[in-house]
Amino acid sequence: MNKPKRPINRVFLHCSASDNVWHDNIETMREWHLTRGFNDVGYHFFIRKDGTLEEGRSLEKTPAAQKRHNKGSIAICCHGLESFTLEQFDTLRELCKEINELYE
């Protein structure tokens, strides 16, 4: 991962609000967001139930994930609503560690 040129001062964690296995991918999120009028998926990263990390919107672009709080942020989404896996938490921990190292 390369440090984006835009300033970053926080990371937001989201859930996909669905435990449906057919929604467990960044392309479904992208489709949902495009349907809502976004120009791309709003998240920078998506973590599947099996812990696979998928890239979404470029880190160089401001996310469209948390209204009025997108500027200066990175948006991560974990698939799920009521249940998350240890694999997801492991991937999330590693991703956050990598982001932190970019800003040390």
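With R₀ fixed at 22 Å, the C-beta to C-beta distance from residue 104 to residue 40 puts the FRET efficiency at about 0.15.
The orientation-averaged projected area of the convex hull spanned by the Cα atoms of region 56-104 comes to 4.3 nm². Candidates 46, 8, 29 compared by Cα position along the dipole of the chain: farthest toward the positive end lies 8, with charges placed on Cβ. Calculated accessible area for the chain comes out at 62 Å² per residue, all protein chains present (probe 1.4 Å; ligands, DNA, RNA ignored). Rolling a 1.4 Å probe across all protein chains gives residue 28 an accessible area of roughly 20 Å².
With a 1.4 Å probe and every protein chain kept in, tell me what percent of the accessible surface of the chain is carbon plus sulfur. If you can, show how the numbers build up before the last one.
Values: 3270 of 6470 Å².
About 51 percent, which is the carbon plus sulfur part of the accessible surface.
A Cβ-based charge dipole, computed about the Cα centre of the chain with Lys and Arg at +1 and Asp and Glu at -1, lands at about 740 debye. Here the sum of -39500 (n - 2.57) over DSSP H runs of 4 or more residues, divided by the residues of the chain, equals -8500 deg cm²/dmol at 222 nm, to the nearest 500. The chymotrypsin sites (Phe, Trp or Tyr not before Pro) found in region 32-104 that occupy coil by DSSP, while having at most 11 further C-beta atoms within 10 Å, are 103. The heavy atoms of residue 16 present about 10 square angstrom of accessible area, all protein chains included, probe 1.4 Å. Near the amide H of residue 77, within less than 5 Å, lie the amide hydrogens of 14, 45, 46, 47, all on another chain or at least 5 residues away, with H placed in the peptide plane. Candidates (i) 2, 13, 24, 25, 19, 11, 3, 0; (ii) 3, 13, 27, 28, 21, 7, 0; (iii) 2, 16, 23, 22, 20, 11, 5, 1, 0, 0; which is the computed P(r) over Cα pairs in 5 Å bins from 0, in percent? Computed from the coordinates, P(r) over Cα pairs in 5 Å bins from 0, in percent corresponds to (i).
The values are calculated or read from the model by the stated rules, or taken from the named source; none is laboratory data. Bear in mind that the values here come from a model prediction, so they are computed numbers and not experimental data. Positions of Cβ are backbone-derived with ideal geometry, glycine not excepted, and every protein chain shown enters the neighbour counts. Surface accessibility is based on the protein's heavy atoms, side chains included, excluding ligands, DNA and RNA. Shrake-Rupley method; radii C 1.70, N 1.55, O 1.52, S 1.80 Å.
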